[in-house]
Structure formats: C-alpha cells, structure tokens
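Engineer: Quick one: this structure, given as structure tokens, is what I'll be asking you about.
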Amino acid sequence: MKMNKSILIIDDNLTVCLMLKSWLVKKGFQVETASGANEARQRVKEQPFDLILTDIRMPEADGLSFLSWVRKYDSDIIVIMITGYADVESAVLSMKAGAADYIPKPIEPEHLFNKIEEAFQTQEYKQKRNRFSNDFIKPPGKEYQLLFNQLDQIAEQSEHRLLIGDRGTGKASAVKYIYEKGIHHSRPLIMLDADQLVSNRIGSRQQADSGEGGSLLLEKFNAARGGLFHIRKVDQLDINFQNQLLNILTKQARDENFTQVIMSTEKSRLSLEKTLIPKLFRLIEEGSVTLPTLKGKKQVINYFISYFLHFANHTLDKQIKSIDQVIYQQMYDYAWPGNIQELKNTVIKAALLTDGNHMPACIAPGLFGKDSLKQKSDSAEPILILDLRKENYEKEKILEALKLSKGNKTMAASILNIDRKTLYNKIKLYNVTT
C-alpha cells in the first residue's frame, strides 16, 4: 500500500473517527477528521486529500449530495462510503454517482485497508492509462510519422539526445514517450530545470564558489540511476555545468545502471551553438530531434481540435457535437505561438463557454491572442515553474483558470498544466479565494 497519502474521515461519531484515524496513521497515512459536511468542505478547500472516507449519513447533508460536491470541486479525490446494512442501496447509488467503493459497518481493519489499497491501485492504473493516451497523441502527416520514428529509435537504443522545439510543441511529452517505450521505464524518470542550477548560483556567491549547484546536477543524475534524466532548457547551463554534463554523457559505463540523458531547448541550433561549449554542442547536436510547430497545418490542427474537444466533453461533462465554421476558420488561421498546449487550452476555454451541443460563433472573440489563457511553457511542463518571482502573473492565471473551470480544481490544474497539489499550494500561498 502506498504511504504518505492524505485521507479525510467524516463521521459525526467521534469514537469512530478516532478509531479509524488510529488504524490508518499506523499504516503511514496522513489523516484528518471532520464531524459533518460543512466542516469537511472547509477541510477540502484548505488542503488536497487523496481519499475521503465518509459516512453515508451525516449532519448537514447526506453522503450523496456531499459526493456530488466533491466530484465537482476536485474529481481526483477518491471517495469511499461507509454504510450500515439499511443503507446498502444508497451505497450502490453512490458508486454509480462516482464513489470508488463502499464499506459496510461494522468496519474490520483489514477489510478497510484492502478497500483503500484497491481504490488507490485502480486510480493509479486509470491515471497512468489516461496520462499515456493524453501525452502520446500521434497526429496525421509525414512530419509526425518521422518524429515518432525518431523517438522510437531513441527509446530502443537508449541514446542520449537533444530535443529542439518551440514552447508548447510537446518536448516533455516526447521525453515521457521515450521513457515509457524504452528499457528504462521500470527505473526513475527525473527532470531537472536548468533554472534551478542558475538560481542556486545567483542565490549565494558562496554556494556558487563551493560548487553546490553542481552538486544538485549530480544529485539529480544519481537519483535517476538506471532510468532517464531529462534536463530542460539545456541552453541555460553555465560553462561549469556544461563541463559536468559533458562528463556525464561521455564517461558513463553501459551497464545495468546506465542512465539515459535527454536534453531539451526552445533555442535554435544557431543560438545553441553560440551558448554551449563546442565539444558539448557537437556531441548533442548530432542526431538531435526537432518537434513540429502547428502554424498553418490545417489537418493537424483539425485532428487536435477533435481530440481536445473529446477530452473537454469527458472532463467537463459536456455534450458538444459540432463547432461553428467561424471558430474552425479562426483556429486554422491563428499562428498558435503556444502550439499544442495553447490549442488545448483554447478548446477547453471554448467548451466552458458553450451551452448546449453546438459551439457557436459568438464565443470566438477573446479565444485567441492576448485575451486568451496562454500557456507559457512546453506541453506537460508546469506554467508556474517558469518564473516564480512573477507572483502577480501566477495569481492572475490561477484566478483565470478557476473562473474558466467554474471552481473545479482538477480542471483548473489541467488548464494550467500543473498537478492539483501544486495548484492547492499556490492557492494557499497567494490567498486565492475559491
């Protein structure tokens, strides 16, 4: 059973709450309790929970209405209902409404542990399946066919490689594809943003002189032992880190602990050549892979519109079956500087603005350009990691995402392309009212 998971127990019987909490704490879970629906809602708003264990009968609200609220507020939270013999029918209804399972009273410890473990395993399987299907979309056309052939070769031969692509083209998704398809998928996947090394240097001159930033590079590399190590924004490495990276790339033994290194950048080859030391540039430029942009590619844009509309319908519980030709044409004509990620956000935003099963032309103003919710990073790469000093920018984007998602945290996190725990932490940090 996975530990360090957070669980909220809801029961108006204090003795039951304390008993369940005692059992679960001994198993390594982080546990909070609430005596009713109102207190539970407040708890959920204050911190992210992985699982809620709730009595189907509670003060202030019944279990089904509370379940409905949880599903709308954060659909990633697992809910297991506790039920008495007389409430089994309600428990079955709750599972149809989205509960993961139910546990009859009196509760046996081992039965409880098994139910929780099964719920987490089921969620992990679904997330892995959904993540794989979402990250590894294969659009039509020779350009993408060539790209995936190159990625397959990198995965099969466990080669160090450089990925070059504008923001939003899917560099992080390509890394995940290589990882899942390659021989390292059972070992760690570790990502290091070169900004972390730069900030370490800037943060303390003493630290810079002592080489602690370099230690972070080696520390992350060692953490990925036998797996895959992804260095984002490799162009931002200073000369000391470049030399360390060169040693990593050239001196590794090809044994069972060999670690594949994938580097990525938004810079052009010409710009990269001016930034990197010659030996490192020659080593990583050879065999580098360039990810396609969206601009002007009607067939590919149409494919992604269809895919992301299906995603939006499923996630937002919409039934949009058609899109007005005006919106289609604007999407074909738009330059998409944020590429796939910006297109995804635009389709989600359009879906949120649509009532009914047809996406009308009247919502087109504001979907594109400066008024749209633009992603500032690569696909599947967190928007908030770009520049943590820009607090006003982060807060503005969080508020916009929450407004678009009508307060749904899971959807807001998807729009921002961050995990929901990061979203919760940022909401708390900036005192965002939800």
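What follows draws every value from the coordinates through simple rules; no lab data is involved. All values reported here derive from a predicted model rather than from experimental measurement. All Cβ positions, even for glycine, are placed from backbone atoms using ideal geometry, and neighbour counts span all protein chains on display.
Engineer: Under 20 Å Cα-Cα from LYS397, which aspartates and glutamates qualify once same-chain neighbours fewer than 8 residues away are excluded?
Structural biologist: GLU46, ASP74, GLU342, ASP371, ASP378, GLU381, ASP387, ASP419
Engineer: May I pose another question? ASN302 to LYS96: FRET efficiency via 1/(1 + (r/R0)^6), r the Cβ-Cβ distance, R0 35 Å, to the nearest 0.05?
Structural biologist: 0.45
Engineer: Add -39500 (n - 2.57) for each DSSP H run of 4 or more in the chain, then divide by its residues: what number comes out at 222 nm, to the nearest 500 deg cm²/dmol?
Structural biologist: -16000 deg cm²/dmol
Engineer: Using 0.36 nm times the number of residues separating LYS26 and LEU216, minus their current alpha carbon distance, what extension gain do you get?
Structural biologist: My answer for the length gained is 65.0 nm.
Engineer: One-quarter of the Cα convex hull surface for segment 229-283, in nm²?
Structural biologist: 3.7 nm²
Engineer: Continuing with the same structure: How large, in Å, is segment 225-326 by the Kirkwood hydrodynamic radius built from its alpha-carbon pairs?
Structural biologist: 17.3 Å
Engineer: Looking at the chain as a GNM with Cα springs under 10 Å, which of SER288, SER22, SER173 has the largest mean-square fluctuation?
Structural biologist: Highest fluctuation among the options: SER22.
Engineer: Residue separation times 0.36 nm, minus the C-alpha to C-alpha distance between SER75 and SER186: what's the value?
Structural biologist: Value of the extension gain: 37.1 nm.
Engineer: Right, here's the next one. For segment 1-118, what is one quarter of the convex hull surface built on the Cα atoms, given in nm²?
Structural biologist: Over every viewing direction, the Cα hull of segment 1-118 projects on average to 6.3 nm².
Engineer: Two decimals is fine: what's Rg over Rh for segment 142-290, C-alpha atoms, Kirkwood radius as Rh?
Structural biologist: Result: Rg/Rh = 0.96.
Engineer: If I stretch the segment between GLU273 and PHE113 completely, what's the gain in nm (0.36 nm per residue apart, minus their alpha carbon distance), one decimal?
Structural biologist: Fully extending the segment from GLU273 to PHE113 adds 52.0 nm.
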